[in-house]
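Written below as structure tokens is the structure these notes are about.
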Amino acid sequence: MGWFDRLKAGLGRTSEKLSGGIADLFKGRRLDRDTLNELEDLLITSDMGVSTASRLTEALAKNRFDQEVTADEVREILSGEIASILEPVAMPLEIDAAHHPFIILVCGVNGSGKTTTIGKMAKQYRDQGLSVMLAAGDTFRAAAIEQLQIWGERADCPVIAQEQGSDAASLAYKAIERARDAGVDVLMIDTAGRLQNKSNLMEELQKVLRVIRKLDDTAPHAVLLVLDATVGQNAHSQVEIFRDMVNVSGLVMTKLDGTAKGGVVVGLAEKFGLPVHAIGVGEAAEDLRPFDAREFADSLMGLG
């Protein structure tokens with residue numbers, strides 16, 4: 001399957017819920033206030049959020065209020081409105097060769113797909129001809145260190161690691177020194193994601209940032225937050241927490257193939273306006289791709 005087909009398949013659970021709901025709603029009905037309220041409820045249950053759902057239904061009302069409208073017309077109009085919300089945030093992560101290494105700090109709660117995302121991105125950068133080093137900065141979990149080492153082998157990237165429980169900031173320091181000595185293009189640093197005790201995590205992440213900036217006051221050059229789409233609206237609070245901790249510069253959304261809550265991407269785009277660099281719809285490295293607003297909007301509405 002090509003990427004668009006994989007994206008459509010991955011968003012299948014969300015688009016089936018939306019397309020089926022829209023088809024049921026618009027069977028020979030005029031677009032009156034009751035229909036709009038029911039449509040708004042449907043959009044909210046797909047995790048778009050109240051304000052985004054309201055914006056979309058109002059755009060539809062502006063075009064077609066008190067007229068008969070088909071389900072296909074509704075999906076076309078909504079897809080266009082969704083694309084207009086997403087287009088300003090659809091930005092692939094560019095590696096700036098002026099920074100050597102280009103340092104990417106990757107954060108997110110445990111289980112979000114953070115370590116796997118690092119591995120997939122590393123493989124893609126290697127395929128583009130860049131040299132990449134990985135740093136196993138989630139020193140709290142032995143499994144995270146092992147997982148990153150496995151991805152390092154797959155992507156042919158060296159992995160800087162220390163024993164479980166060691167200091168994450170000192171590991172980051174060591175990794176930057178090693179990356180400089182080796183002349184690598186990209187250094188990706190994994191971090192812990194234990195939200196159970198936010199103050200401890202904030203202290204650890206801010207210490208990591210201070211150490212990185214001692215070695216390079218322009219770094220990190222990107223701070224990625226990896227989000228699991230299956231958590232739906234909880235993704236909003238994760239963005240707020242990590243943005244406050246480490247000044248997140250962009251998002252990666254994973255596990256869109258495992259949920260009917262794919263609309264959360266639209267809600268996040270409208271609320272935070274943070275770049276969405278990539279989305280994931282499967283396990284393989286090629287299932288993580290740069291985010292395209294129009295493709296996503298069409299797939300969400302079951303078009304194309």
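What is the gain in length, in nm to one decimal, between GLU94 and GLU203 on full extension, counting 0.36 nm per residue of separation less the C-alpha to C-alpha distance?
36.4 nm
Taking the Cα centre of the chain as the origin and placing charges on Cβ (Lys, Arg +1; Asp, Glu -1), which of GLN196, ILE22, THR52 is farthest toward the positive end of the dipole?
Working it through, the farthest residue towards the positive pole turns out to be GLN196.
Using only Cα positions of segment 1-135, each an equal point scatterer, no hydration layer, compute I(q)/I(0) via Debye at q = 0.14, 0.18, 0.19 Å⁻¹ and quote the log10 values to two decimals.
Relative scattering, expressed as log10 I(q)/I(0), comes to -0.80, -1.04, -1.11.
Would you list TRP151, TRP3 from fewest to most Cβ contacts within 10 Å?
Ordered by Cβ neighbours within 10 Å, fewest first: TRP3, TRP151.
Convert each backbone phi in segment 131-145 into a coupling constant with the Karplus relation 6.51 cos²θ - 1.76 cosθ + 1.60 (shift: θ = phi - 60°), then list the ³J(HN,Hα) values in order as whole Hz, x for Gly and Pro.
8, 9, 10, 10, 10, 7, x, 8, 6, 6, 10, 4, 4, 5, 5
Need the C-alpha centroid separation for segment 108-178 versus segment 61-96, integer Å.
37
Which far-off residues, 5 or more places away or on another chain, put their amide H under 5 Å from the one on GLY193, with H placed in the peptide plane?
ASN110
Where the only charges are on Cβ atoms (+1 Lys, Arg; -1 Asp, Glu), what is the dipole of the chain about its Cα centre, to the nearest 20 debye?
For the chain, the charge dipole is close to 500 debye.
Just checking my list (1) 18.5, 56; (2) 18.8, 60; (3) 20.8, 69 against Rg and Dmax of the Cα atoms in Å computed from this structure; which label fits?
Structure-derived value, by its label: (3).
Which whole-Hz ³J(HN,Hα) couplings does segment 214-224 yield from phi under the Karplus relation 6.51 cos²θ - 1.76 cosθ + 1.60, θ = phi - 60°, glycine and proline marked x?
Residue by residue, segment 214-224 yields 5, 8, 8, 6, 8, 9, x, 7, 8, 10, 9 Hz.
Output the Kirkwood hydrodynamic radius of segment 35-87, Cα pairs only, in Å rounded to one decimal.
One over the average 1/r among Cα pairs gives 11.1 Å for segment 35-87.
Consider just the alpha-carbon atoms of segment 163-304 and return their Rg together with their Dmax, both in angstrom.
Spelled out, the Cα radius of gyration and Dmax of segment 163-304 are 16.9, 50 Å.
Apply the Karplus curve 6.51 cos²θ - 1.76 cosθ + 1.60, θ = phi - 60°, to the phi angles in segment 76-92 and return the couplings in whole Hz, x for Gly and Pro.
Each residue of segment 76-92 in turn: 5, 5, 5, 4, x, 5, 5, 4, 5, 6, 7, 4, x, 9, 7, 9, x Hz.
Values in this text are rule-based calculations from the coordinates and carry no lab data. Since we're looking at a predicted model, the values are computed, not measured. Note that we place each Cβ from the backbone using ideal geometry, even for glycine, and neighbour counts take in every protein chain shown.
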